């Protein structure tokens with residue numbers, strides 16, 4: 001592979017992850033006269049691009065804006081499509097140097113110059129920022145049949161499931177949002193949840209909608225239940241307090257049980273990560289890790305407590321990191 005050399009003058013930063021937080025880091029650095037490269041293993045905003053069509057944010061548009069550029073939305077809470085257009089326009093406005101479809105294969109943090117080997121060549125930088133998010137790493141259930149073709153950990157197009165029987169596994173935001181989207185797309189919806197109630201953190205405007213759909217019989221719910229096995233046309237369900245497995249017929253299964261932070265690059269770089277919480281060792285003021293010159297931003301800082309960091313507070317990480325790198 002050819003090396004793309006970067007001068008050792010603390011003026012070149014590599015940001016791994018070209019989502020909103022990675023872009024925010026690049027913008028804050030640029031405001032301080034520091035150039036950067038952004039790598040993403042897919043398209044820019046790849047994680048957001050894989051969200052359900054028409055999905056709305058929890059946050060209002062003003063709390064999602066970057067770089068002082070207003071985010072104008074048709075509604076208080078913008079859609080996925082509006083956000084994609086907005087963030088790409090912001091990237092173009094600031095002239096961010098984004099390298100899509102660039103997968104990081106290794107990260108060598110020894111010495112002042114960091115070496116980043118990708119599928120497109122080897123790069124060098126004085127500082128590296130990890131802002132890879134979590135959405136492309138679903139939490140696996142490890143049950144028989146989980147890899148069958150009609151099983152997915154994502155919902156992209158709800159209308160794909162019209163007039164079909166869909167079983168959703170999960171009881172938090174993504175599962176509930178998916179259930180309501182699928183109901184309105186004309187699917188027969190069943191929810192399977194291991195708890196005895198839905199998450200207390202459900203959006204206040206979503207809970208009554210869900211409860212009304214359940215009362216009307218449009219969405220059926222099985223609490224204190226777990227999948228034992230998935231078959232081609234049915235699932236076997238283990239219910240608390242019952243020895244016999246229940247059979248549920250379904251055409252599709254959506255395992256929306258949450259996501260895990262990807263710690264591989266952090267471990268590769270030598271960052272200390274708590275084995276239980278998956279929280280990296282960071283300076284709370286600068287977000288620099290225990291490895292000098294490598295910073296962590298966004299949801300990766302929260303480990304498994306993913307609900308702790310959103311775009312609205314994650315974008316503040318960019319300012320702290322940029323100040324540290326600029327020495328201000």
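Laboratory data are not the source of any read-out in this text; all were calculated from the coordinates shown. Quantities reported herein were computed from a predicted structural model and do not represent experimental measurements. Ideal geometry is used to build each Cβ from the backbone, glycine not excepted, and the neighbour counts take in all protein chains shown.
The figures follow:
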| quantity | calculated |
| --- | --- |
| Gyration tensor (alpha-carbon) shape descriptor, the range 151-255, a/c threshold 1.5 | oblate |
| Modelled label reach - residue 60, point 7 Å along Cα→Cβ, the range 76-112 residues with backbone N closer than 12 Å | 76-78 |
| The range 151-255 - percent relative contact order, Cα under 8 Å, separation 6 or more | 32 |
| R0 of 51 Å, Cβ-Cβ distance residue 285-residue 196: FRET efficiency to nearest 0.05 | 0.80 |
| Mean Cα-pair separation over length for the range 109-160, i.e. relative contact order, pairs under 8 Å, 6 or more apart, % | 20 |
| Helix 20-31 axis, angle to the chain major axis (alpha carbon atoms, nearest 10°) | 20 |
| Packing rank of 73-79, 305-311, 170-176, where each peptide gets the mean count of other beta carbons within 10 Å, highest leading | 170-176, 305-311, 73-79 |
| Mean separation of Cα contacts under 8 Å (6+ apart) over length of the range 193-328, as relative contact order % | 13 |
| Degrees, to the nearest 10: 311-326 long Cα axis against longest axis of the chain | 20 |
| Max mean-square fluctuation residue, GNM over the chain, Cα-Cα springs under 10 Å, options 106, 142, 238 | 142 |
| Mean ellipticity per residue at 222 nm, deg cm²/dmol - from DSSP H runs of n ≥ 4 across the chain, formula -39500 (n - 2.57) | -6500 deg cm²/dmol |
| Pairwise FRET efficiency - residue 312 versus residue 164, Cβ, R0 = 45 Å, nearest 0.05 | 0.80 |
| Rounded FRET efficiency, nearest 0.05, which uses the C-beta distance separating residue 92 from residue 136 and R0 of 25 Å | 0.55 |
| Inter-label distance, nm, simple model (7 Å from Cα along the C-beta direction), residue 85/residue 204 | 3.0 |
| Surface/4 of the Cα convex hull for the range 1-114, nm² | 8.2 |
| Rg and Dmax of the chain, Cα atoms only, in Å | 21.6, 67 |
| Gaussian network model of the chain, Cα within-10 Å springs - most flexible of 123, 58, 295 | 58 |
